[in-house]
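Worksheet: the structure to be examined is printed underneath.
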Amino acid sequence: MGLFGRKRAGGRRGAAAEDAEHLRAWTAVREGVEAFVEPRTAVTETTMILVAKDGEWTRRRVAGPDGARKLARSLRIPVYDVQIVGYPKRMRDHDARQRVLRERERRRGLGELGGYS
């Protein structure tokens, strides 16, 4: 039996209905969402990253590049090939802000435990 009780049959896990539903729900509650398609790799099928106006993002597997474009059209959002355009700066900026916030929380937690601030 595999990790966490799931039997893994080897190979990559493809897109599931839950992946598409997550992307739909995520898009519905955020503004300025754009899609970026990532290519299939040795360990992961094709994925799609959705990036909101503020840089927040999510990634899920999709049913290939054509499936990603079809999903983006149904969501009425622009779709880009990440190998051509790269990742948006707002996404990198969001990740940098989140690292700073996590570090602040970590330090705050150390202070509460009697450590140094």
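Tell me, which strands (runs of 3 or more DSSP E) wholly within the stretch 30-104 include 3 or more residues that are without any contact (Cβ under 8 Å) to a residue 40 or more places away in the chain?
Counting at least 3 such residues, we get 47-51, 57-61.
Residue-wise test of (1) farther than 20 Å from A16 by Cβ; (2) charged (D, E, K, R); (3) at pLDDT 95 or above.
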position: D54; (1), (2), (3): yes, yes, yes
position: A72; (1), (2), (3): no, no, yes
position: L75; (1), (2), (3): no, no, yes
position: V82; (1), (2), (3): yes, no, yes
position: H94; (1), (2), (3): yes, no, yes
position: E103; (1), (2), (3): yes, yes, no
position: R107; (1), (2), (3): yes, yes, no
position: E112; (1), (2), (3): yes, yes, no
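Listed here are the residues, each with its yes/no results for (1) surrounded by 13 or more Cβ atoms within 10 Å (Cβ to Cβ); (2) polar (S, T, N, Q); (3) under 12 Å from the mean Cα position of the chain (by Cα).
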{"residue": "E18", "(1), (2), (3)": "no, no, no"}
{"residue": "E21", "(1), (2), (3)": "no, no, no"}
{"residue": "G32", "(1), (2), (3)": "no, no, no"}
{"residue": "R40", "(1), (2), (3)": "yes, no, no"}
{"residue": "V43", "(1), (2), (3)": "no, no, no"}
{"residue": "T47", "(1), (2), (3)": "yes, yes, yes"}
{"residue": "L50", "(1), (2), (3)": "yes, no, yes"}
{"residue": "K53", "(1), (2), (3)": "no, no, no"}
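Based on this model, can you work out whether R30 counts as among the basic types (K, R), modelled with pLDDT of 95 or more and more than 19 Å from A63 (Cα to Cα)?
Yes, satisfied.
Kindly evaluate G64 against the criterion of being in contact with a Phe, Trp or Tyr (Cβ under 9 Å, 6 or more places away or on another chain), at positive phi and not hydroxyl-bearing (S, T, Y).
no
The values are calculated or read from the model by the stated rules, or taken from the named source; none is laboratory data. Everything quoted here is computed from the prediction, not taken from an experiment. Here the Cβ is made from the backbone with ideal geometry for all residues, glycine too, and neighbour counts use every protein chain on show.
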